[in-house]
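Scroll down for the structure; my scribbles are underneath it.
Bear in mind that the values in this text are calculations on the coordinates, not laboratory data. Everything numeric here is computed off the predicted structure, so don't read it as measured data. Cβ sites come from the backbone with ideal geometry, for glycine too, and all protein chains shown count toward neighbours.
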Amino acid sequence: MAKSITVSAPGKLMLLGEHSVVYGFPCIVTAMDTRMRVTVEFCDGDTDLIITPQVKESKFVTQSLKLFKNKFKIKQAVKIQTQGDFSHQVGLGSSSAVTVATFKALSELFNKSLSNKEIFDLSYSVTIAIQGVGSGFDIAAATFGKTVYYVYGGKVIDLIKTEELPLVVGYSGLKADTPTLVRKVKADYEINKNRVTGIFKEITLLVNKAKIAILDKNYQQLGLLMNKNHCLLQNLRVSTPKLDAMVKASIKAGVYGAKLSGAGGGDCMIALVPLEKRTEVENAITKVGGSIINVNNNAQGVRLE
Ligand code: PMV
């Protein structure tokens, strides 16, 4: 039977530190067990066959394949098929997961034994080539999994020892365009460098305290830090009335803390929730028009299926 390899990689959720991470400050990201699967096999002829349900994914697969083939001077045609647990609409990192899974699958198919760090570096260069901007935190989550303290470009990738965090994830119903929001913050930064840098530094203090709170399982403290991070993101003008309403409703329902997660402008918010309050919080988020995404966090990184 023809050799066929299937690999999967997880999505991600930004816990704290979005935007400031683009400027060299740290963030904390957790991997979600909604996974993208990539299957690769050799195919006859000299034309590669790429089958992806979403056009957006196909760019990432095509670019990854091109880079891999150039790097290893490969001529052999391949068939690549992707399949996902989650829609690219919700901003949970399907592009980074598919990129990481493609490199890992090709590495297995051609016996290249790429390390996770090599997979990270290759995937990050694909993201930058396609999107032009990005810290690579999503690539780190897809590659290494778990919960990671991360600095821009993979300068620091430290796994934080934790169990799954008691998170509720609410989708605002609006797809955010991350590069647009990153550029919006950049425009603000260029006009008002001191003000924006001040916000980034405050966020960094929260991120560093949050790392300790996670290690200590001090969810009360972690929640407060998340609330403060949300306020600073409001000051950066990346939140939306809908995200604010979802955060506010969840706080009223008794969470430890809540914030938007990711670039803002739409996509998701997260709430850290005491077990007994979970249903109440989910109802509160739904009541203001959010929808609940059921996902586990602290998930395993890229793996052979
Ligand atoms: O919108 P998301 O979930 O892809 O998160 C973007 C996070 C930013 O810090 C704004 C950008 C980045 O690449 O780190």
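Once you compute Rg and the Kirkwood Rh from C-alpha atoms, what is the Rg to Rh ratio for the chain? That ratio equals 0.99. If you take all other residues with their beta carbon under 11 Å from the beta carbon of MET269, and give Lys and Arg +1 and Asp and Glu -1, the sum is +1. Taken over the range 1-149, the ratio of Cα radius of gyration to 2.2 N^0.38 Å equals 1.01. Once both axes come from the Cα atoms, what is the angle between helix 219-235 and the longest principal axis of the chain, in degrees from 0 to 90, rounded to 10? Helix 219-235 sits roughly 90 degrees off the main axis of the chain. Scaled against 2.2 N^0.38 Å for its residue count N, the alpha carbon radius of gyration of the range 66-222 is 1.21. Considering only VAL169, SER135, THR286, the residue lying farthest towards the positive end of the dipole of the chain is SER135, judged by Cα position with unit charges set on Cβ.
Tell me, what does the Kirkwood hydrodynamic radius of the range 197-292 come to in angstroms if you use every pair of distinct C-alpha atoms?
On the way: mean 1/r = 0.0746 Å⁻¹.
Its Kirkwood hydrodynamic radius stands at 13.4 Å.
For the chain, the longest principal axis of the alpha carbon atoms and the long axis of helix 178-191 meet at an angle near 60°. Listed by chain and number, the lysines whose alpha-carbon sits under 20 Å from that of LYS66, ignoring those within fewer than 8 places in the same chain, are LYS56, LYS75, LYS79, LYS104, LYS112, LYS117. For GLU190, what is the net charge nearby, where nearby means another residue's Cβ is under 13 Å from its Cβ and Lys, Arg count +1, Asp, Glu -1? Net local charge, GLU190 excluded: +4.
What FRET efficiency do you get for GLN220 and ARG183 if R0 is 51 Å and r is their Cβ-Cβ distance, rounded to the nearest 0.05? Intermediate values should be presented prior to the final figure.
Numbers: r = 36 Å, r/R0 = 0.71.
Once rounded, the FRET efficiency stands at 0.90.
In this Cβ point-charge picture (+1 for Lys and Arg, -1 for Asp and Glu), the range 6-161 has a dipole of about 260 debye about its Cα centre.
Just subtract the alpha-carbon distance of GLU164 and VAL133 from 0.36 nm times their residue separation and send over the number in nm, one decimal.
Details: separation 31, 0.36 × 31 = 11.16 nm, distance 2.96 nm.
Working it through step by step, the gained length comes to 8.2 nm.
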